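Reviewing the structure listed below.
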Amino acid sequence: MMRITREHDVIQVSFLPRLFPVNVYLVEEKDGFTLIDAGMPFSLKGILSTAQSLGKPITRIILTHAHGDHVGALDGLKDALPKAEVCISRRDAPLLAGDASLLPGEPQTPVRGSVPKAIRTRPDRLLDDGDRIGSLVAIATPGHTPGHMAFMDTRSRVLIAGDAYQLHGGLAVSGRLRPLFPFPALATWNRELALASAKRLAELEPSVLAVGHGRMLHQPAAAMRAATADAEQRLRPAGGQL
């Protein structure tokens with residue numbers, strides 16, 4: 001099952017929206033679509049058919065981070081779209097290649113979640129904080145993974161936040177366990193960094209919050225700030241762990 005939702009120039013394609021929602025995004029540019037994330041392996045046909053039905057080619061593929069449910073269809077997409085430019089943060093590029101080792105100076109807690117082991121595709125471009133990709137600006141949001149990135153459409157201020165937040169099972173910062181949908185929290189590498197990144201995103205006052213798991217949320221800033229306050233309270237020693 002697949003659900004398609006449009007906000008401004010951003011089209012959410014949600015797979016298994018009720019059961020285990022995995023979202024990818026098509027961002028419309030003049031020359032084609034930038035695809036953000038590659039879902040699960042079974043997402044391939046739906047991604048290609050959605051772009052085809054909207055009448056523009058996919059010219060770029062950007063990954064928010066290198067977990068299996070965000071890169072699953074990447075090899076199939078690159079086979080089908082050999083000219084598409086593949087982009088990922090400089091820090092998560094090793095993770096995409098299956099290397100989960102940590103850098104000196106990073107919290108030495110193990111990377112969690114499904115680290116891909118057999119992705120053939122190598123990125124064409126490595127992204128740093130503040131880089132522009134068409135109408136999008138890259139925002140470094142480490143925490144869920146060491147090199148997690150969010151992307152804001154500068155035209156409409158729609159924020160594609162990957163797993164920095166989740167909405168399925170209730171709005172929450174990455175790392176805050178939601179019993180109805182615990183998977184993003186269980187796959188979060190470092191909760192302190194995830195909280196700092198979520199605060200940074202809330203301060204951007206986006207018009208719409210678009211996440212990896214869950215529906216899009218209009219005028220989300222107040223709800224984002226409430227979610228960060230909730231996560232912060234649970235990180236304090238007196239409040240116990242997340």
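Below, the figures for the structure above:
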| quantity | calculated |
| --- | --- |
| Failed item, numbered, when residue 39 is tested on (1) part of a loop (DSSP other than H, G, I, E, B); (2) modelled with pLDDT of 95 or more; (3) in contact with a Phe, Trp or Tyr (Cβ under 9 Å, 6 or more places away or on another chain); (4) farther than 13 Å from residue 162 by Cβ | (4) |
| Tally of residues being outside any loop (DSSP other than H, G, I, E, B) and either in contact (Cβ under 8 Å) with a residue 12 or more places away in the chain or under 23 Å from residue 71 (Cα atoms) (or both) across the range 172-212 | 21 |
| Pick from the range 70-108, criterion among the basic types (Lys, Arg) and assigned to a loop (DSSP other than H, G, I, E, B), ranking: farthest from residue 192 (Cα to Cα) | 83 |
| Among the residues listed as 44, 77, 19, the single one being at pLDDT below 95 and farther than 23 Å from residue 155 by Cβ | 19 |
| Which listed residue, of 162, 169, 113, is buried (at least 23 other Cβ atoms within 10 Å of the Cβ), touching a residue at least 12 places away in the same chain (Cβ under 8 Å) and in a loop (DSSP other than H, G, I, E, B) | 162 |
| Criterion: closer than 22 Å to residue 107 by Cα, among the charged types (D, E, K, R), out of contact with any helix residue (DSSP H, G or I) (no Cβ under 6 Å at 6 or more places or on another chain) and surrounded by fewer than 22 Cβ atoms within 10 Å (Cβ to Cβ) - qualifying residue of 192, 203 | 192 |
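The values are calculated or read from the model by the stated rules, or taken from the named source; none is laboratory data. Remember, it's a predicted structure, so these values are computed and weren't measured experimentally. Here Cβ is always computed from backbone atoms with ideal geometry, including for glycine, and neighbour counts include all displayed protein chains.
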